[in-house]
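Engineer: Have a look at the structure that comes next, please.
Derivation of every value follows stated rules applied to the coordinates shown; laboratory data play no part. Remember, predicted model here, so these are calculated numbers, not experimental data. Positions of Cβ are generated from backbone atoms using ideal geometry, with glycine treated the same way; all protein chains shown enter the neighbour counts.
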Amino acid sequence: DAKTTQPPSMDCAEGRAANLPCNHSTISGNEYVYWYRQIHSQGPQYIIHGLKNNETNEMASLIITEDRKSSTLILPHATLRDTAVYYCIVRAPSGTYKYIFGTGTRLKVLA
Amino acid sequence: DTAVSQTPKYLVTQMGNDKSIKCEQNLGHDTMYWYKQDSKKFLKIMFSYNNKELIINETVPNRFSPKSPDKAHLNLHINSLELGDSAVYFCASSLKRNTEAFFGQGTRLTVV
């Protein structure tokens, strides 16, 4: 599975869009980009995933660049409850039975 | 109904003791996992099971023995607990190996 690079921390004003970047320059053609988050003391929570097209669900949007070497998770209207560590994970569908978590981005939403 | 539930939520025990953590999922998933999150908040895979069969044992000491009596349960038994075993242990499940995983709320183990 390809390695990912994320900024260690970010701040975002409440009500504004939070844009969390992820670099995965060694991604292979069949590897998906997954995003999870971990709110303090809770288990990680699945947010969204995609292969090459942009994806949107009720929680967030995922924008993947055309060369697939980077992506951005967008929380359109961040709330205080979105304060968490966000993990970007790259994984092949036929890969091993595990998700490899990096250090993630600690997002702090400010009132 | 909680999708992935772990018991207990907190566990404080002395060095040398043996303890178990239970995990149950009611999602009908085939694959279950155990992860360990240490004091530095780094999440690491320990074990993966698929249809009750061990798939991954990520160089975990053999004091840790997972047991899957059926597809809905994956319990973790730890023998001869050591101080370094103190961590939060998360159970998770996914429908298949290549689908999103759902995590439990964690078990905070403290060895004194």
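Engineer: Give just the number: which of (1) in contact (Cβ under 8 Å) with a residue 60 or more places away in the chain; (2) aliphatic (A, V, I, L, M); (3) in a strand (DSSP E or B) does B:Leu81 not satisfy?
Structural biologist: All conditions pass for B:Leu81, except number (3).
Engineer: Another question, if that's okay. Considering only the range B:8-65, state which residues are of a type in the set (D, E, K, R), under 15 Å from B:Phe102 (Cβ atoms) and in a strand (DSSP E or B). Working first, answer last.
Structural biologist: Within the range B:8-65, the subset of a type in the set (D, E, K, R) is B:9, B:18-19, B:22, B:24, B:30, B:36, B:38, B:40-41, B:44, B:52-53, B:58, B:63.
In the following step, the residues that additionally are under 15 Å from B:Phe102 (Cβ atoms) were identified as B:24, B:30.
The one that is of a type in the set (D, E, K, R), under 15 Å from B:Phe102 (Cβ atoms) and in a strand (DSSP E or B): B:Glu24.
Engineer: Search the range B:100-110 for residues being at the interface with another protein chain (Cβ under 8 Å from one of its Cβ atoms) and not in a loop (DSSP other than H, G, I, E, B), and hand back the single one that is nearest to B:Asn75 (Cα to Cα).
Structural biologist: Our first condition is that a residue be at the interface with another protein chain (Cβ under 8 Å from one of its Cβ atoms); within the range B:100-110, this holds for B:100-106.
Pick out the ones that are also not in a loop (DSSP other than H, G, I, E, B) and you get B:101-103.
Working: B:Ala101: 17, B:Phe102: 16, B:Phe103: 14 Å.
The extreme case among them is B:Phe103.
Engineer: Additional query: Look at B:Leu27 and say whether it is away from chain A (no Cβ under 11 Å), among the aliphatic types (A, V, I, L, M) and either buried (at least 19 other Cβ atoms within 10 Å of the Cβ) or touching a Ser or Thr at 6+ places or on another chain (Cβ under 8 Å) (or both).
Structural biologist: Details: away from chain A (no Cβ under 11 Å): yes; among the aliphatic types (A, V, I, L, M): yes; either buried (at least 19 other Cβ atoms within 10 Å of the Cβ) or touching a Ser or Thr at 6+ places or on another chain (Cβ under 8 Å) (or both): yes.
Spelling it out, B:Leu27 is indeed away from chain A (no Cβ under 11 Å), among the aliphatic types (A, V, I, L, M) and either buried (at least 19 other Cβ atoms within 10 Å of the Cβ) or touching a Ser or Thr at 6+ places or on another chain (Cβ under 8 Å) (or both).
Engineer: A:Asn54 is checked against (1) surrounded by fewer than 16 Cβ atoms within 10 Å (Cβ to Cβ); (2) within 12 Å of chain B (Cβ to nearest Cβ) and fails just one. What number does that condition carry?
Structural biologist: (2)
Engineer: On to the next question. Say we look at the range B:76-99 and pick out the residues that are over 21 Å from B:Gln37 (Cβ atoms) and facing chain A (nearest Cβ under 10 Å); which of these is surrounded by the most Cβ atoms within 10 Å (Cβ to Cβ)?
Structural biologist: Result: B:Arg97.
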